[in-house]
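Notes follow the structure.
The values are calculated or read from the model by the stated rules, or taken from the named source; none is laboratory data. Quantities reported herein were computed from a predicted structural model and do not represent experimental measurements. So basically every Cβ, Gly included, is an ideal-geometry build from the backbone, and we count neighbours across all protein chains shown. These area figures cover heavy atoms from the full protein model, side chains too; ligands, DNA and RNA do not enter into them. Shrake-Rupley method; radii C 1.70, N 1.55, O 1.52, S 1.80 Å.
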Amino acid sequence: MPLSILFGAAFTIALMWALGRLLFRSLAIELYAGEQDLLAAATGGALLSFTVFLLCAAHVARTAVFVAVGVAALALAWRATQGKARKARDPLPPLPRSWQFLFAGLMTVYAVVYLSNSFAPEISPDGQTYHLGLVYRFFREHGFHRLTTNSFGNLALGVEMLFLFAFSLGRNSAAATVHCCCLLALPLLIVSYARRIGRPRAGVCAAMIVFLSPVVGIDGISAYNDVALATTAFALFYLLEIWRDRPAGNRLLIPIGLLAGFCFAIKLTGFVAFLYAALVILMQKRPRALLPLAAAAAPIAFPWLVKDWLWVGNPVSPFLNRVFPNPYVHVLYEDAIREYFRHYDITSFSQWVSAIVMGGQPGGAIGPVFYIAPLALLALRSPLGRRCLLAALFFLITYPQNISPRFLIPAVPFIALGIAYALEFSKIALALATCAAAVAAWPGVMPANTWRIADIPWRAALRIEPQDAFLGAHSVPWVEAKMLDYFVPRGKRVWSTTPVGEAWGSTDVMVSYQSAEGDLIEDTITTATRDDYTPTWNWRFRFPKMRIERLRLEQGAKSTELENLWSIGEIHIFDGDRRVARDAGWRLDASPFPWDIGLAFDDNPVTRWRSWEKIYPGMRIDINFGKPIEIDRVEMLCSHDEPNIDVRIEVCDSGCKPIEAMLEKSDTAPSGDLRRLAAQIVKAHGIDYILVDDANWTAADMSKDPARWGMEFIANRAGNRLYRLQ
């Protein structure tokens, strides 16, 4: 197993390097020895990711195909190095001897720490649930298939394409080790850049501040993507700095463009890389250079936009759902995560500083060295410092949308260089900052409530400790995944209240909050157990009998509370005592979220139409009867979890105008026990099993009497109960 992990990761990195070298050779790009290989590997990562994307789109993402592509590329790279001898490239200026020892010593020690963790079975929260969960899905299905029940699958997954290549050869740990290689490459790039500009001591200090940042370390050894984005962004910055000094160096714009596109493909927030590159070009007064930059970036970035546009109607899903309305992701989901990630319950600036530097609520810590980050402003005294901090500013643009320390990682290399430039007045100050970073990075030094590397699991890395034993002791998501694979027959679907370690299992799981359909199922289950969710609040509009063809219910209230939604359980239309039955000629519409409007006309007390946005004036329900009909009463059955609604009724035959109606509000009798009916609705969504964690508030109700729900209890693992719908 360790050999397959090593081979999977090494083969992937070697192929990245080979593709980058082939590109550099074809463009006749010659750089210093050492830096060329690092920059070629970073650029080759964009090319390999794009190649794997095409293979997934063609549904030929198989191990044999990956190996064939890799062997062919390596053969071409080897052949390109043969033949006519080339002059050896000049080396970069050397590091001072003492700084060589400091850099090499820390790199060696922490490379062992990091690689032992990346070789160990993957247990990171997001890595084993969705990053590698999606990779495993692509591997099983040999490529992309339309997926509408997991919003994470709509993200740009550029690094996951590299993970998929490695996964096919060495499974989960090989994928994590590819990310760890990005972590190892980042300080080498920083030091190479510093040697190029003649500031080697500052380069070593900055490289170690980054490399030894606790959040950078834990992120880098996991199957995440933030460190990969930071490494790609710094390679982009590095090549742009070289391009600045080469008036005839427009060939460099091809790899620069590829890296800019890859930043976006890694993470949607990486779009700032292209903006930064474009600004640098404009600052150099060479606007024509924007064309090759955009031409190289587009093939790497645009395929992800096209995929989402074709599959879910939103090219940047799961974001901007107001701009691109679709039935697969609710605006409420987007608003809720944005609201939470902007604050994490942090209430003051000092609390935020402490949390990101030393760890706490947002998770992770950039490390105590960054208490002196304001010193980086002193770097503004020099042109190099100003350019470095300009890059930092660009990669901080999106940070306020998520203030977790993890989202600082792309900017950290530039901030660290600013700190190092400020400390250059003293070799001792540089050395102390480096050593302080080394101490903070050691496993177990940072507070236990911080997401950081906790130990050196060398026995698990070498599989002396069996993989299943390690995962059973450290990963509840793995326990869940194995339970599902054991008890759920192949082809059956599970709805879950909690993320599952899908990187370890093949059961098809729909997590409650990851899609509009998952939200709807959760709302159905909750309605069966909460009186304030059931549609017992009757709004009765009475008016003189009239003959109309189109009717509108319009919402006039406004709320700042995300949880305050407009919902309608049922709409009943009356002509005297006779209820007007809905027929095939009726055309229904709603704004917002029109796709569920039929739930307000299905005579089912556990389903309801919801706006899935906080209440605002202008929300509406439109009913087109298809022909004029006579009516004199409309009843709107609502629930008491929406106390702020203010609804009026309008006729819209020739422009909408209010109907003078008398409004009566009353409570109707409850519909009785709705649990079994709710389970039937869930079953109708193609769900065969329900997984509920003990922290979910419906867990106690279900466990008390599963038969009342029409369910059978199957198993309980680590506080997660599995039920089969009968």
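If you take the residues in segment 282-315 that are assigned to a helix (DSSP H, G or I) and charged (D, E, K, R), which one is nearest to Leu155 (Cα to Cα)?
In this case the residue turns out to be Asp308.
Where in segment 457-534 are the helices (runs of 4 or more DSSP H), entirely inside, with at least 1 residues that are of a type in the set (Ser, Thr, Tyr), at pLDDT 95 or above and surrounded by 22 or more Cβ atoms within 10 Å (Cβ to Cβ)?
Result: 516-527.
Spot the failing condition for Arg195; the list is (1) out of contact with any Ser or Thr (no Cβ under 9 Å at 6 or more places or on another chain); (2) assigned to a helix (DSSP H, G or I); (3) buried (at least 24 other Cβ atoms within 10 Å of the Cβ), and only one is missed.
It is condition (3) that Arg195 fails.
Take the residues in segment 237-256 that are touching a Pro at 6+ places or on another chain (Cβ under 9 Å) and open to solvent by less than 10 Å² (accessible area, probe 1.4 Å); name whichever of them is farthest from Phe414 (Cα to Cα).
Within segment 237-256, the match that is farthest from Phe414 (Cα to Cα) is Leu253.
Which members of segment 76-121 meet the condition of being open to solvent by less than 50 Å² (accessible area, probe 1.4 Å), of a type outside the set (A, V, I, L, M, F, W, C) and either under 31 Å from the mean Cα position of the chain (by Cα) or at pLDDT 95 or above (or both)?
Of everything in segment 76-121, those that are open to solvent by less than 50 Å² (accessible area, probe 1.4 Å), of a type outside the set (A, V, I, L, M, F, W, C) and either under 31 Å from the mean Cα position of the chain (by Cα) or at pLDDT 95 or above (or both) turn out to be Gly105, Tyr110, Tyr114, Ser116, Asn117, Ser118, Pro121.
Regarding Thr560, is this residue modelled with pLDDT under 95 and either within 32 Å of the chain's Cα centre (by Cα) or open to solvent by 30 Å² or more (accessible area, probe 1.4 Å) (or both)?
Yes, satisfied.
Can you tell me which of (1) in contact (Cβ under 8 Å) with a residue 60 or more places away in the chain; (2) more than 25 Å from Pro443 (Cβ to Cβ); (3) of a type outside the set (Gly, Ala, Ser) is the one Tyr340 doesn't meet?
(1)
Here is a yes/no grid of residues against (1) out of contact with any helix residue (DSSP H, G or I) (no Cβ under 6 Å at 6 or more places or on another chain); (2) open to solvent by 70 Å² or more (accessible area, probe 1.4 Å); (3) of a type in the set (Ser, Thr, Tyr):
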| site | (1), (2), (3) |
| --- | --- |
| Ser348 | yes, no, yes |
| Val353 | yes, no, no |
| Ile356 | no, no, no |
| Pro368 | no, no, no |
| Pro374 | yes, yes, no |
| Leu380 | no, yes, no |
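Can you go through Arg542, Arg552, Arg578 and tell me which one is in contact (Cβ under 8 Å) with a residue 24 or more places away in the chain, loosely packed, with under 15 Cβ neighbours inside 10 Å and of a type in the set (Lys, Arg)?
Exactly one residue qualifies, and that residue is Arg542.
Which ranges mark the helices (runs of 4 or more DSSP H) fully within segment 322-430 that have 2 or more residues being touching a Ser or Thr at 6+ places or on another chain (Cβ under 6 Å), of a type in the set (Ser, Thr, Tyr) and modelled with pLDDT of 95 or more?
Correct list: empty, since no element meets the threshold.
Testing Met636 on (1) open to solvent by less than 60 Å² (accessible area, probe 1.4 Å); (2) more than 23 Å from Gly672 (Cα to Cα); (3) not β-branched (Val, Ile, Thr), one condition comes back false. Which one is that?
Only one criterion in (1) open to solvent by less than 60 Å² (accessible area, probe 1.4 Å); (2) more than 23 Å from Gly672 (Cα to Cα); (3) not β-branched (Val, Ile, Thr) is unmet by Met636, namely (2).
Tell me, which residue of segment 24-50 that is in contact with a Pro (Cβ under 9 Å, 6 or more places away or on another chain) and among the aliphatic types (A, V, I, L, M) is farthest from Val65 (Cα to Cα)?
Here the answer is Ala33.
May I ask you to say which residue of Tyr340, Tyr333, Tyr344 is surrounded by fewer than 21 Cβ atoms within 10 Å (Cβ to Cβ), hydroxyl-bearing (Ser, Thr, Tyr) and at positive phi?
Exactly one residue qualifies, and that residue is Tyr344.
Could you say which residue among Lys285, Lys307 is open to solvent by 60 Å² or more (accessible area, probe 1.4 Å), out of contact with any helix residue (DSSP H, G or I) (no Cβ under 7 Å at 6 or more places or on another chain) and among the charged types (D, E, K, R)?
Only one candidate qualifies: Lys285.
Which of (1) open to solvent by 10 Å² or more (accessible area, probe 1.4 Å); (2) in contact with a Cys (Cβ under 6 Å, 6 or more places away or on another chain); (3) among the hydrophobic types (A, V, I, L, M, F, W, C) is the odd one out, the single condition Phe425 does not satisfy?
Result: Phe425 passes all but (2).
Which members of segment 428-456 meet the condition of being surrounded by fewer than 19 Cβ atoms within 10 Å (Cβ to Cβ), of a type in the set (A, V, I, L, M, F, W, C) and farther than 21 Å from Trp504 by Cβ?
Within segment 428-456, Ile428, Ala429, Ala431, Leu432, Cys435, Ala436, Val439, Trp442, Val445, Ala448, Ile456 qualify.
Residue under question is Ala10, and the condition is that it be in a helix (DSSP H, G or I), open to solvent by 40 Å² or more (accessible area, probe 1.4 Å), at pLDDT 95 or above and over 23 Å from Ala230 (Cα atoms); does it hold?
When the stated conditions are applied, Ala10 does not pass them.
Does Trp495 fit the bill of being aromatic (Phe, Trp, Tyr), within 30 Å of Met1 (Cβ to Cβ) and in contact with a helix residue (DSSP H, G or I) (Cβ under 8 Å, 6 or more places away or on another chain)?
no
Residues that are without any contact (Cβ under 8 Å) to a residue 12 or more places away in the chain, exposed (fewer than 14 other Cβ atoms within 10 Å of the Cβ) and not in a helix (DSSP H, G or I): does segment 40-63 have at least one?
no
Could you grab me the full set of residues in segment 320-330 that are of a type in the set (Phe, Trp, Tyr) and either buried (at least 19 other Cβ atoms within 10 Å of the Cβ) or in contact with a His (Cβ under 9 Å, 6 or more places away or on another chain) (or both)?
Result: Tyr328, single match.
If you go through segment 434-450 one residue at a time, do you hit one that is under 22 Å from the mean Cα position of the chain (by Cα) and touching a residue at least 24 places away in the same chain (Cβ under 8 Å)?
yes
In segment 208-236, which residue that is in contact with a Gly (Cβ under 9 Å, 6 or more places away or on another chain) and assigned to a loop (DSSP other than H, G, I, E, B) is surrounded by the fewest Cβ atoms within 10 Å (Cβ to Cβ)?
Tyr224
If you take the residues of segment 563-575 that are within 30 Å of the chain's Cα centre (by Cα) and buried (at least 20 other Cβ atoms within 10 Å of the Cβ), which of them is farthest from Leu551 (Cα to Cα)?
Among them, the one singled out is Leu565.
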